[in-house]
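What follows is one structure encoded as structure tokens, with my remarks underneath.
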Amino acid sequence: MKFNVKDFLRKYTMVIALVVVFILFCGLTDGRLLYAQNMSNLMLQNGYVLVLACGMLLCILTGGNIDLSVGAVICMVGGLAAVMIGNKGMNPYLTIIICLVVGLLVGVWQGYWIGYKRIPPFITTLAGMFIFRGFGRLILDNKTVSIQDKGFLNVFTSYINIPGLDDTANYSALIVGIVVAVYVIFNVVRSRANKAKRGYRQNTAFSDYSKAVIIAAVILWYCYKLFQYKGISIMFVWVVAICLIYNFITSRTAFGRYFYAIGGNEKATQLSGIDTNKVYFIAYANMGLLAGLAGLLCAARVGSVNGSTGTSFEMDAIGSCFIGGASAYGGSGTVGGVVIGALLLGVINMGMSIMGIGDSWQYVVKGAVLLIAVVFDVLSNRKNG
């Protein structure tokens, strides 16, 4: 297949934007953005966004629908965890299970109205945003409740430390980086060999191998930064696991393709025998579950929960999806794109914070980036008919 510059630029627009923004803030912060601690925190501070965005992507794929209630669910679930552990002294592992079930039940409740009663998602989740925020504040009694239980915090915020390997330095981070980088390159070699064997059309060898080498180099570099700080965080493992699971669901399973089909043409999807009501239901039930997990991640990272916890988190998740290439009309978007979108917002937030720029301007810049991404998507759709 011949290399096409226009196709390359269109396909990797947000990746190029991320690189440009990253280099820009490296210069503006005199290299402070590259500090090992900042690189570690870049992923940890945006962990909840990535978890939420994976679920939000499924909702958006069904036709540009969104869930406005996830920030409120984070407050309610996080508040429930804080009260159960901090005030009641309950077992942290039992608390985690209960909180995830509560998040799932919230998703089931909203999924029922959206999927089977066809109440518009915007209205249903807007109502949920008020309801669950109110429940969260009632659970917290309008107070800030701290969590100091080591068992709970270790599940989400500790760092991997392998006895005998990480005693003097965080060598496990380097080993993981090397293994993953080798796997990335090996996977490309194997994929090309299989396609050639079956006679499939594929990209040029230069395109595939250069892409694999760049990804491997980035992984090695990032793991080296983790090695310089505290190693690999358990929260980082949670986030990567969620991203990999949902990438597999959306790209490798028949059920994952149902979300794309509904976003492309719901009536045709129904005529093909797919239960679209069930797909809508599962999308929002899943969103509730991930919002519950994000609530636990947020509570553990901050160490406390109050009535304002989770405010505007839904906007970060929605923004990550659209900036990462998800179509405002549904039917298009990938988990990889969502990760790029979340990292782009994260770099903007961290870079501006290091420069001492206040939250107000951060909102302005993030809003402008989101608008540009959506305008680009709409114009591209018009051009393609």
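The values are calculated or read from the model by the stated rules, or taken from the named source; none is laboratory data. The model shown is predicted, which means the values in this text are computed figures rather than measured ones. In this analysis, Cβ positions are derived from the backbone assuming ideal geometry, glycine residues included, and neighbour counts consider all displayed protein chains. These accessible areas exclude ligands, DNA and RNA; they are computed on the full protein's heavy atoms, side chains included. Shrake-Rupley method; radii C 1.70, N 1.55, O 1.52, S 1.80 Å.
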In the range 209-345, carbon and sulfur make up what percent of the accessible area (probe 1.4 Å)? 66
Residue among ALA17, ALA173, ALA373 with the largest mean-square fluctuation in a Gaussian network model of the chain, springs linking Cα atoms under 10 Å: ALA17
Rounded, prolate or oblate, given the Cα gyration tensor of the range 27-138, with a/c below 1.5 counting as rounded? oblate
Given LYS88/LYS150; LYS88/LYS143; LYS195/LYS225, which pairs have Cα atoms separated by over 26 Å? LYS195/LYS225
Solvent-accessible ranking of LYS267, LYS195, LYS278, largest area first, probe 1.4 Å: LYS267, LYS278, LYS195
Unit charges on C-beta of K, R, D, E only; dipole of the chain, Debye: 1200
In what sequence, largest accessible area first, do ASP208, ASP141 appear using a 1.4 Å probe? ASP141, ASP208
Would you mind checking the pairs LYS11/LYS211; LYS117/LYS267; LYS117/LYS278; LYS11/LYS366 and listing those with alpha carbons more than 20 angstrom apart? LYS11/LYS366
Apply the membrane-span-like helix rule to the chain: whole DSSP H runs, Cα extent along the own long axis of at least 20 Å, mean Kyte-Doolittle hydropathy at least -1.0. List the helices found. 13-28, 47-61, 92-111, 121-140, 171-198, 205-228, 234-252, 276-302, 335-354, 359-383
Tell me, rounded to the nearest percent, the portion of alpha carbon pairs in the range 251-299 spaced more than 18 Å apart. 41
Of GLY89, GLY346, GLY303, which has the largest mean-square fluctuation in a 10 Å C-alpha GNM of the chain? GLY89
Looking at VAL302, TYR260, CYS223, which one has the Cα that reaches farthest to the positive end of the dipole of the range 201-326 (charges on Cβ: Lys, Arg +1; Asp, Glu -1)? CYS223
Cα-based shape type of the range 318-371, given that a ≥ b ≥ c are square roots of the gyration tensor eigenvalues and the cut on a/c is 1.5: oblate
Provide the per residue accessible area, probe 1.4 Å, for the chain, rounded to a whole number of square angstrom. 50
Rounded, prolate or oblate, given the Cα gyration tensor of the range 199-318, with a/c below 1.5 counting as rounded? oblate
FRET E, pair ILE354, LEU271, Förster distance 56 Å, beta-carbon r, rounded to 0.05: 0.55
Just to verify a number: what accessible area does CYS298 come out at with the full protein assembly present, 1.4 Å probe, Å² rounded to tens? 20
Order ASP166, ASP275, most accessible first, counting only protein heavy atoms with a 1.4 angstrom probe. ASP275, ASP166
The chain, Gaussian network, Cα under 10 Å: of GLY47, GLY256, GLY307, the residue fluctuating most is GLY256
What is the gain in length, in nm to one decimal, between ALA217 and SER146 on full extension, counting 0.36 nm per residue of separation less the C-alpha to C-alpha distance? 21.6 nm
So if each residue of separation counts as 0.36 nm, and I subtract the Cα-Cα distance between VAL375 and ARG118, what length gain in nm does that give? 89.7 nm
For TYR260, what accessible area in Å² do you get when you roll a 1.4 Å probe over the heavy atoms of the protein chains, rounding to the nearest 10? 30
Linear extension gain, ALA205 paired with ILE178, 0.36 nm per residue minus alpha-carbon span: 7.5 nm
Could you tell me the accessible area of THR311 in Å² (1.4 Å probe, neighbours in place), rounded to the nearest ten? 80
Residues whose placed amide H lies under 5 Å from that of TYR159, excluding near-sequence neighbours: ILE234
